[in-house]
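Here is the structure we will look at, set down as structure tokens.
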Amino acid sequence: MTFLVLEGLTKRFDETFAVDRLSLTVPRGGILALLGPSGSGKTTTLRMLGGFELPDGGKVVVDGEDVTGLAPRERRFGMVFQHYALFPHLDVRGNVAFGLEMLGVKGPALEQRVKEALALVDLAGMESRPVDRMSGGQQQRVALARALAPEPRVLLLDEPLSNLDPTLRERTRRELRALIRRVGITTVFVTHDQEDAFDLADQVAVLRAGRLEQVGTPDQLYMEPANPFVAGFVGRATRLDAVLEESGPDHAWVRIGEARIRIPGRRSMPAGPIHLVTRPESWQLAPAAGATLRGVVVDRRTTGARAFLTVKIGEGTTLEVSAPTFAAAEGAEVGLVAGEEGVHLFPRNG
Amino acid sequence: MASRRAWSWGAAFLLGALLWLVAYPIILSGFEGFTGPEGATLAYAREFFARPNEWQALWGSLWISVATVIVSALVGVPLAFLFGRTEFPGRKILGALVGLPVALPPLVGVLAFLFLYGESGFAAHFVKWITRSETAPWRLQGAGAILLVHAYSMYVYFYLLVRAALERMDGAALEAAASLGASRWQVFRRVTLPMLRPSLLGAALLTFTTSLASFSAPYIFGGGFRVMTTQVLATRLNGDTQVAMVETIALTLIALVALGLMGAVGDGDARGGSKGTAPVRHLATGKGRLFSMIGGWTLAVLLLLPHATLLLLSFVPVGTWTTEVLPPAYTVSNYVELVGSAERLRPLVNSLWMATLATVASLVIAVWAGHLVVRRQVGVRKWIETLLVAPWAVPGTVFALALATAFSVHQPWALRVILVGSLWILPLAYLIRNLPVASRPILAGFRQLDPSLEEAAAGLGAARGTILRRVTLPLLAPALAAAGALAFVTALGDFVTSVLLYTYDTRPLSLEILSSLRSGDVGVASVYGVLLMAASATVFLVGSRTGDTAR
């Protein structure tokens, strides 16, 4: 059931479109990630949801209520800012109580709800701590408790993990996911990190230059990217210019430079110039002799059980290939065979 | 690099020199207030408390200072919001101009106010012309006049500190409050105001101590209104030296209490904004923008009128302006005469060499102190720092009297020599008065300087002198420029210490302004005023620019 609707949301700064006719829906209790590089309009979108920016067009609807023109204080959205924006002059209790006091909650009820909110983020008993003496992770949890305490309709998170160091990040991500699921709150968050988006969200919206490129589950985005940008932004990928010579119900023939290779799977599209986007794991190594696509390993990085090979298949053309660690040494000549999964063909104009 | 030692000969020497120059004279004058012909006595203190005049002066100093704080806040805080939170055409340049009065030497401000709002000033002439009246509509005298001048020069503390705090403030915190359901008024009362608290308190105390120490305004406009600073001078001129000393002690104690409070508040300042601050956006709606623009321009014009007055009057020939709204005749002869006549040029030359000497010396001491306090972290660093800022808390009148006491007898065994009446007493007084303004930016500069830069230079084989010359000083250049400029202007325009310590041969600009004024030579007084004004404006604008780039 749809709970939050963004309909044709548009924001211009001077003459450029920061967000251009963005439409998205989130079901009740759903978690949506806005994923994109910097300048993609994801933060502007979040700020329009929070009411900090007024859209130039489109609307925001929550639970059937149009909140587009409402001030932040009137829309009952909880926001966790990138740098947390905790009130430095208040202690933990003061920060968490703030929103409740604005709702007119007083006395024992107030203390009770502050306590509950702190327990929720695992900060029970920290009421009188000054917020500027806390670690980044703790500050973030105070910010979460502060946003959740008034029981908002939607939770907004701006780059929730960008300020944490890598070891803390992994753990915080798990905790955050568990917390959001437990509270069951409809959540929208912004990130430039694909791993964060995939790990936390049910649905990921990939934005570029203010436009929605694709929205879907992490699996959908990875397996069926709608265009070369999404394919390249989500996961590791190599993009090559190639020519589709013929396609059929169970395979296609593609020319890369001199080599003509067979790509398994159903590919129904007209012949012509294409972008060929492949994942490292879509290739299998084969003996160089007799292979139609051959190359030389020019770089090799071991990650453990597997290694990433950079294979030079022509002048200025390289492919990234994942292979068992000891499959090939640097300088070796290898043959490459394409698999069915993770190989994407997109028409190329001109 | 340099080894951390609790003690060193350098530190001992600097500490000794500061004790001798800053603390010793004050302590000596303290003794004098409690020493009679027959040894220790409380007679003078009793006399002080028995005189109703003293109570009046004490009360006058206190209430005028409190009133100054209130009026300055009422002017400065709204201005800070206007220039810190809104955007309108001309905001940048006006925002800088609005800060100008702080760099204006107090006597020059007083002078400008006299010509603008005094009973024979422009405003009075204008009102007389409108009402066709023969008599002046008001007299610029007493508490009201002092308050007006104080507010004019001291609102800047509120303006600058609050504006800086507003610009540092985490904009996201305000958005967070709005998102949590706070109305604009609630955001202001519950978030903005508490976050401004350290700046407001700091500005209040700075205004309070400055007002307490203010001498020029009560001296010229006071009339029958008594404050401690002028009272000290009057008592001293009456020959009641010991009672004057008791007065200086009383004034110093009030000032020190205020400084202590300022220190306590300053500690709280450290927890100002959170990290990763997003700047507060400037509101730019049609009506508000127009309102801000009109308000900003009106205020700026009002605040710059005194400067314009001085400039205009510097072109008025002697004795030509009497009852007209605007002076009828203009000439550059006042300026020409200044350059042409050795007698006229003398005060300018005096002020220049004395201010230069005092500035250079205070910079040397400040850099040396910065090295010892910040880099070497000598054990006595707290003492050195306290002595460096102490002259700030001690009103100028008190300091001048203390120096006059300490250096008027020849007792080498007590480290006392006769300097009063010599060429050197004024530069020395300026130097000591300059220590706070010179050392604050330089110590701050040292603290921002990454010590590994100096260590890198040492690692590359540079000797200590080379490191200082090639690395430390160039990196400190903005701080040195700001400190030097401020110290120079302060010394150049000094009135309060000069009036007590000058000799005819070393008479500085401010004294010449006063004597020109007394002989009715408005044009010449204005020329000197304009020179000081130009110097201070240059320094202020340069200083605020280097401050911007340093940020």
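Values as computed for the structure displayed
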{"item": "Residue exposure sequence - B:ILE254, B:ILE146, B:ILE220 - by fewest surrounding Cβ within 10 Å", "result": "B:ILE254, B:ILE220, B:ILE146"}
{"item": "Residue mean of other protein chain beta carbons inside 10 Å, B:181-194", "result": "4"}
{"item": "Shielding by partners - mean other protein chain Cβ count within 10 Å, residues of B:167-177", "result": "6"}
{"item": "Net charge of Cβ neighbours under 11 Å - reference A:ARG76; Lys, Arg +1; Asp, Glu -1", "result": "-1"}
{"item": "Built amide H within the under 5 Å cut-off of B:ASP170, gap 5+", "result": "B:SER274"}
{"item": "A:ARG28/A:SER268 FRET efficiency (R0 30 Å; Cβ-Cβ; nearest 0.05)", "result": "0.20"}
{"item": "Prolate/oblate/rounded label for chain B (Cα gyration tensor, a/c 1.5)", "result": "rounded"}
{"item": "Globularity ratio of segment B:169-243, using Cα Rg and 2.2 N^0.38 Å", "result": "1.97"}
{"item": "Relative contact order %, chain B, counting alpha carbon pairs below 8 Å whose residues are six or more apart", "result": "23 percent"}
{"item": "Cα-derived Rg over Rh, computed across segment B:58-168 with Rh taken as Kirkwood radius", "result": "1.05"}
{"item": "Rough spin-label spacing in nm, given labels placed 7 Å along Cα→Cβ, for A:LEU168 and A:LEU70", "result": "3.4 nm"}
{"item": "Shape of segment A:228-332, Cα gyration tensor, a/c cut at 1.5", "result": "prolate"}
{"item": "For segment A:140-268: rounded, prolate or oblate by the Cα gyration tensor [a/c cutoff 1.5]", "result": "prolate"}
{"item": "Estimated 222 nm signal from helices in chain A, with DSSP H stretches of n ≥ 4 weighted -39500 (n - 2.57), rounded to 500", "result": "-7500 deg cm²/dmol"}
{"item": "Sorted by Cβ density within 10 Å, fewest first, the residues A:ASP14, A:ASP299, A:ASP199, B:ASP450", "result": "A:ASP14, B:ASP450, A:ASP299, A:ASP199"}
{"item": "Segment A:2-232, dipole about Cα centre (Lys/Arg Cβ +1, Asp/Glu Cβ -1), debye to the nearest 20", "result": "520 debye"}
{"item": "Measure of compaction for the protein assembly as shown (Cα Rg per 2.2 N^0.38 Å)", "result": "1.26"}
{"item": "In sequence order, calculated HN-Hα J values of segment A:313-326 (Karplus, 6.51, -1.76, 1.60; Hz; x Gly/Pro)", "result": "9, x, 5, x, 10, 10, 10, 9, 10, 9, 8, x, 3, 9"}
{"item": "Ranked packing of A:333-339, A:181-187, most packed first, by mean Cβ within 10 Å", "result": "A:333-339, A:181-187"}
{"item": "3J(HN,Hα) from dihedral phi, segment B:148-157, Karplus parametrisation 6.51/-1.76/1.60, rounded to Hz, x for glycine, proline", "result": "4, 5, 4, 4, 4, 8, 9, 4, 4, 4"}
{"item": "Extension reserve of the B:THR298-B:ARG346 stretch, reckoned as 0.36 nm per residue once the Cα distance is removed", "result": "13.4 nm"}
{"item": "5 angstrom amide H check on A:ALA307, placed H, neighbours 5+ away", "result": "A:ALA323, A:THR325"}
{"item": "For chain B, calculated [θ]222 nm from helices alone, where every DSSP H run of n ≥ 4 adds -39500 (n - 2.57)", "result": "-23000 deg cm²/dmol"}
{"item": "Model label zone, A:ALA288; criterion: amide N under 14 Å from point 7 Å along Cα-to-beta-carbon; scope segment A:294-312", "result": "A:294-299, A:311-312"}
{"item": "Options B:ALA50, B:GLY181, B:ALA123, ranked by Cα towards positive dipole end of chain B, top entry (Cβ charges)", "result": "B:GLY181"}
{"item": "Violating pairs (Cα-Cα greater than 29 angstrom) within the set B:LYS92/B:LYS287; A:LYS42/A:LYS106; A:LYS59/B:LYS287", "result": "A:LYS42/A:LYS106"}
{"item": "Residue-by-residue Karplus 3J(HN,Hα) for segment B:488-494, coefficients 6.51, -1.76, 1.60, Hz, glycine and proline x", "result": "4, 5, 4, 5, 4, x, 4"}
{"item": "Inter-chain shielding of A:88-94 (mean C-beta neighbours from other protein chains, 10 Å cut-off)", "result": "4"}
{"item": "Relative contact order of segment A:237-347, defined on C-alpha pairs under 8 angstrom at six or more residues apart (%)", "result": "29 percent"}
{"item": "Within segment B:246-260: backbone nitrogen closer than 17 Å to the B:ALA43 label point (7 Å, Cα to C-beta)", "result": "B:246-247"}
{"item": "GluC sites (Glu not before Pro), loop per DSSP, at most 11 other Cβ atoms within 10 Å - longest free stretch of chain B", "result": "B:325-551"}
{"item": "DSSP bridge pairs, segment A:2-232: antiparallel proportion in percent, nearest 5", "result": "55 percent"}
{"item": "Ranked list, fewest to most other Cβ atoms within 10 Å of each Cβ, for A:HIS275, B:HIS307", "result": "A:HIS275, B:HIS307"}
{"item": "For segment A:2-232: span of alpha carbons on each principal axis (Å, largest first)", "result": "53, 40, 32"}
{"item": "Charge dipole (debye, nearest 20) of segment A:237-347; +1 at Cβ of Lys and Arg, -1 at Cβ of Asp and Glu", "result": "120 debye"}
{"item": "Alpha-carbon gyration tensor eigenvalues x 5, square-rooted, for segment A:39-124, Å", "result": "29, 16, 11"}
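FYI, it's all coordinate maths here, none of it is from the lab. Since the structure is predicted, the reported quantities are computational estimates derived from the model, not experimental observations. For neighbour counting, all protein chains shown are included, and Cβ atoms are generated from backbone atoms with ideal geometry for every residue, glycine included.
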